[in-house]
Amino acid sequence: MADLVDSMLDLMRRLPPTRTEENISSLISICPDYADDLLGSVDQPLQLKTDRATGREYLALSIPRQIALVQRKRPVFQRTVSTPKLRKLEISPNETFDTHRKMYYEGGVSSVYLWDLDDGGLAGVVLLKKMTSTEPSRESGTLFTSSRPQNEAIKHITSTIMLQHTMRRMLEHNREVTLGDGMTRQTEQDRPIHN
């Protein structure tokens, strides 16, 4: 099992980063039993969508790698639609990160999503994406969870950054070269709660 997953991941490292979604779909159709392992190990580009009611762009929330990594420790992602209370809580962080996006990304799109955990805690993800034709595209996703089992607070943060750059140069056969890479970092803290 591990050898097959390692082989699929090795193949993904050698395939063009601009076709990640297509390549993952092909591998899953060949080996459907390993879909969770593959989806939990390969970062995919964030999907840009437009809200029909407002015309505003947002980043669609699928289950990115960081959420899959946390799920292996404890299930956290059960959200399909925000509850009214959480939707109200999402508005302020969305406005805050929209300002952050404008200042530090100088454009792009940001989205923040929150959901309740089964143990009464809270989880969320902050997504940022900037794509231009003249500079590398940048994407980042930060997942955070906070739970309170038995007089203890557990905070878990996972951040992923992906870069992609396509260079169109007059090479021997007028080809373009696409380079892409990503980095993920995690931290978790357990703290006692004193009354």
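The values are calculated or read from the model by the stated rules, or taken from the named source; none is laboratory data. What you are looking at is a predicted structure, and each value in this text was computed from that prediction instead of being measured. All Cβ positions, even for glycine, are placed from backbone atoms using ideal geometry, and neighbour counts span all protein chains on display.
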Quiz prompt | Contacts under 7 angstrom Cβ, first residue in the stretch 16-42 being outside any helix (DSSP H, G or I), partner of a type in the set (A, V, I, L, M, F, W, C) and modelled with pLDDT under 85, 6 or more apart | solution = Gly40/Ala68; Gly40/Leu69
Self-check item: Residue that is β-branched (Val, Ile, Thr), under 19 Å from the mean Cα position of the chain (by Cα) and at pLDDT below 80, where the choices are Thr178, Thr184
Solution: Thr184
